[in-house]
Amino acid sequence: MKPKLRLGAAALLAVALSTVSLAGATSAGAARAVDPPSPDPRHNAIATSQNLIKADKAALQATDQDSFALTSSIEGPRGTQYLTYGRTHAGLPVYGGDVVVATDASGALVRSVASGQQSKIDVSTKPAVTAVRAAVTARTRLAKAASVATPTLVIHATTAQPRLAWEVVVTGADRPSTLHVYVDARTGKVIDQWDEVREGTGNSYYNGNPVTIDTTPSYTMRDPNRSGLQCGGQNGQPYTKSSDSWGNGGGTNLETACVDALFDVQHEWDMLKQWLGRNGINGQGGGYPAYVGLNEVNAYWTGSYATFGHNQAGSQQLTSMDVVGHEFGHGIFQFSGGGGAGSGNETGGLNESTGDIFGALLEHYVNEPANLDPPDYLVGEEVNLAGNGPIRNMQNPSATGDPNCYSSSIPSTEVHAAAGPQNHWFYLVAEGTNGSTRCDSGAAITGIGIQKAGQIYLAALNTKTLPWTYAKARIATLNAAKSLFSGCNEFNVVKAAWSGVSVGAQSGEPTCTSQQNDFSLTLDPASGSVQPGGTATTTVRTTVTSGSAQQIALSTGTLPAGVTAQFNPQTITAGQTSTLTLTTSASSSGTQSIQVIATGANATHQANYTLQIGQPSSDYSFTVNPASASVQAGQSATATISTQVTAGQTQQITLSAGNLPSGVTVSFNPQTINAGQSSTVTFTTTASVSPNTYTIGLNADGASTDHTATFNLTVSGSSQTTWQPWTPYAVGAVVTYNGVQYRCLQAHTSQPDWTPPAVPALWQPI
């Protein structure tokens, strides 16, 4: 049971963007997903993204030594899916090499692919600087360091030329800091650094009496339904008591501060789900604690929790709605896309703006009345942090001394001020020029509302790559608007708003033209067989290919005698599926072609299903490719055996070989297959095999039909090999492999299957 705690006292409420054009990727306008992704679309998205990465590594600046592994899979606005892949190079993590693939809700249609890496990695993986020296250098980046973690060797790839580096995490002793320092592993100089701790400011406000928060049945300030959410003091432990009366409503009472913090972040969680389609703060069902009672005029995000202090007058705790929304907004930034929080003032400014944006979204979602904290675009107006009213103004950043417009000075501007242009952009998208002005001479803008603006912004944030810049944000939000909404209205507002804050057109950014609504139709499977009187089923799949989702009525063409059809459901929306059940009579027989028709509001498509009724004579084809090979004695060769059903039912096939010369063995993987499947056949020779050409028989023993094929194996005399596996080779090293000399092109440690003929990227024949 989820207890609802009613508080008896008043409670304080508290470039260049590497958007990669991959083979198979499409820029067609996206449709609104009617249903959230099911496990099948999630698997589709993973398979689609992995296939893209494998198919076009060159576009991702990848080498043969690069590998990609899925690190997060997040559902976004309107069911869209975002998959982030971490990159390693020769086994080393690549900082800045993340790849983010965005798909539609079905997982089959790729919307965008992004990577922050600007060039291929071509560095030695052997450090000239020791880990100890790197740790000593990193420690000096904080005046007082509490600890220095063991350095990790990485590739630093956020700049034009990737470099080998030591990543060292240093924690602060005199102030909160979890500093990631990157020390060049060749020169010993610091390349880059970024801090998980993100400082911020907030306000304090009353949410009314009483308020309801979710806690555990033992009266502990830990949310039983939203994983990770809890609130307590600076020791990290949630507050616990023996009754359901929390706080006294006073501005300095810490228990009251936790009431506000928990109330706010629980509503932020709900806003993320209901408005933006995100599951939790990290997008994967996870949240983080809030600590109150910080003895500072400050509030900040540490990378793993949010901590809150008091205002300068000491009269209020900083746990109001916009400050709580802001600090946990840093968590949303950190756990969206690739690369974490990132370094540099421009990235930092976009991070601070992200906090302000989620604070504003939270206020508008809760929509409190005027006597509490009504929705607005001010930051810190209620707490009066330093006695000067709001600390930032998203409608007009210059009102609090921050820039309204982007300029070349933003990368060197203090991060809270560097948030100004994006805060202004967000206001223009949501509200238009209503009460605000553009930085250029463009026409007035009519806003699309804060909910749509939030959906576009979060969708763009889910594709974040490092370094995150205003130029990248413009392209990402344009891609997001095009993916999420049909037509071009939202796209054009986003574009005008960026121009309105002096972030101009970027190379490679998308364009938008009105598109016709369309969809694809497939049957899975496209054929089946039954005995007379039996039933067969197939899944009717639809995917939006352009424009918006449309309603689709499913039907069949003229059915064969003795066959009936039923769809469940018969009417769907593009992007959904239906099950088609075909029922046969006892007198039906033969091979029948059944036409499936999908009639949409804007388009109609057809697909054919082949139904075999009864048991025909079964047969299959049997081929081997290639049909010949030449090896030196002691080597092996492989070929692929392929089978295909040509009549009737599939049948089990057992593979074997005959007419083998002495010293030659043949193996199959697998040895038993079903017609329609394939197997790998390996021909292995010993050093004693006499040079000759041998014709080897390959046999397929089926349940009802047998077939044979031949393979010609030419064996020549053995040759010397000096290459060995598990051996370090430097650039320029020369080896012999089966009598052929090779020169090493890249330093590496050889693996058993990295023979010189097999890996031309590592070895060049001499």
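The values are calculated or read from the model by the stated rules, or taken from the named source; none is laboratory data. Computed from a predicted model, the values in this text were never measured in an experiment. No Cβ is skipped: glycine too gets one built from the backbone with ideal geometry, and neighbour counts run over all protein chains shown.
Worth pointing out:
Let's see how each residue does on (1) aliphatic (A, V, I, L, M); (2) touching a strand residue (DSSP E or B) at 6+ places or on another chain (Cβ under 7 Å); (3) at pLDDT 95 or above; (4) farther than 22 Å from GLY547 by Cα:
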{"residue": "GLY420", "(1), (2), (3), (4)": "no, no, yes, yes"}
{"residue": "HIS424", "(1), (2), (3), (4)": "no, no, yes, yes"}
{"residue": "GLY435", "(1), (2), (3), (4)": "no, no, no, yes"}
{"residue": "ALA453", "(1), (2), (3), (4)": "yes, no, yes, no"}
{"residue": "LYS472", "(1), (2), (3), (4)": "no, no, yes, yes"}
{"residue": "LYS482", "(1), (2), (3), (4)": "no, no, no, no"}
{"residue": "CYS488", "(1), (2), (3), (4)": "no, no, no, no"}
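- Within segment 373-390, the residues that satisfy the criterion of being among the hydrophobic types (A, V, I, L, M, F, W, C) and closer than 24 Å to ASN434 by Cα are LEU378, VAL379.
- Verdict on VAL415 being under 25 Å from ILE281 (Cα atoms), among the β-branched types (Val, Ile, Thr) and surrounded by fewer than 23 Cβ atoms within 10 Å (Cβ to Cβ): yes
- Boolean, TYR457 is within 20 Å of GLN81 (Cα to Cα) and among the aromatic types (Phe, Trp, Tyr): yes
- For segment 236-290, filtered to residues that are closer than 30 Å to GLY449 by Cα and among the basic types (Lys, Arg), the residue that is nearest to the chain's Cα centre (by Cα) is ARG278.
- GLN506 vs. criteria surrounded by 15 or more Cβ atoms within 10 Å (Cβ to Cβ), touching a helix residue (DSSP H, G or I) at 6+ places or on another chain (Cβ under 6 Å) and among the polar types (S, T, N, Q): yes
- So VAL759, is it over 30 Å from LYS126 (Cα atoms) and either surrounded by fewer than 16 Cβ atoms within 10 Å (Cβ to Cβ) or of a type in the set (A, V, I, L, M, F, W, C) (or both): no
- For segment 482-511, a residue qualifies if it is closer than 21 Å to THR543 by Cβ and either among the aliphatic types (A, V, I, L, M) or within 24 Å of the chain's Cα centre (by Cα) (or both), and the qualifying residues are LYS482, SER483, LEU484, PHE485, SER486, PRO510.
- When residues of segment 519-536 are limited to those that are within 20 Å of SER555 (Cβ to Cβ), surrounded by 13 or more Cβ atoms within 10 Å (Cβ to Cβ) and modelled with pLDDT under 90, the one nearest to the chain's Cα centre (by Cα): SER527
- Test result for THR654, of a type outside the set (Gly, Ala, Ser) and out of contact with any Leu (no Cβ under 8 Å at 6 or more places or on another chain): yes
- Out of LEU272, LEU294, one residue alone is closer than 25 Å to GLU381 by Cα, of a type in the set (A, V, I, L, M, F, W, C) and in a loop (DSSP other than H, G, I, E, B). It is LEU294.
- As a summary of the residue check, THR539 satisfies the conditions (1) touching an Asp or Glu at 6+ places or on another chain (Cβ under 7 Å); (2) at negative phi; (3) surrounded by 16 or more Cβ atoms within 10 Å (Cβ to Cβ) except for the one numbered (3).
- Residue count for segment 290-324, restricted to those that are small (Gly, Ala, Ser), under 26 Å from PRO224 (Cβ atoms), buried (at least 16 other Cβ atoms within 10 Å of the Cβ) and out of contact with any Cys (no Cβ under 7 Å at 6 or more places or on another chain): 5
- The residues listed here are ALA146, ALA165; of these, the one that is modelled with pLDDT of 95 or more and hydrophobic (A, V, I, L, M, F, W, C) is ALA165.
- Filtering segment 200-248 to residues that are among the hydroxyl-bearing types (Ser, Thr, Tyr) and modelled with pLDDT of 85 or more leaves THR220, SER227, TYR239, THR240.
- For segment 226-259, a residue qualifies if it is crowded, with 22+ Cβ neighbours inside 10 Å and in contact with a Lys or Arg (Cβ under 6 Å, 6 or more places away or on another chain), and exactly one does: GLN230.
- Count of segment 83-96 residues which are more than 25 Å from SER483 (Cβ to Cβ) and either assigned to a loop (DSSP other than H, G, I, E, B) or assigned by TED's automatic domain parsing to the domain that holds GLN451 (or both): 2
- Test for GLY287: is it buried (at least 19 other Cβ atoms within 10 Å of the Cβ), in the same structural domain as TYR457 (by TED's automatic domain parsing) and closer than 25 Å to ASN351 by Cβ: yes
- Matching entry among THR721, THR736, THR714, THR708 (being under 46 Å from the mean Cα position of the chain (by Cα) and modelled with pLDDT of 80 or more): THR736
- Taking the criterion of being outside any loop (DSSP other than H, G, I, E, B), farther than 22 Å from TRP275 by Cβ and of a type in the set (A, V, I, L, M), the residues of segment 46-82 that qualify are ILE46, ALA47, LEU52, ILE53, ALA55, ALA58, ALA59, LEU60, ALA69, LEU70.
- Segment 131-155, subset part of a loop (DSSP other than H, G, I, E, B) and in contact with a helix residue (DSSP H, G or I) (Cβ under 8 Å, 6 or more places away or on another chain), residue nearest to VAL190 (Cα to Cα): PRO151
- Options LEU385, LEU378; residue that is closer than 24 Å to HIS310 by Cβ and either among the β-branched types (Val, Ile, Thr) or surrounded by fewer than 24 Cβ atoms within 10 Å (Cβ to Cβ) (or both): LEU378
- Long-range neighbours under 9 Å by Cβ, at least six apart or interchain, first residue polar (S, T, N, Q) within segment 120-142, second exposed (fewer than 14 other Cβ atoms within 10 Å of the Cβ): SER124/VAL731; THR125/GLY91; THR137/LYS189
- Test: SER436 is closer than 27 Å to TRP275 by Cα and outside any helix (DSSP H, G or I): yes
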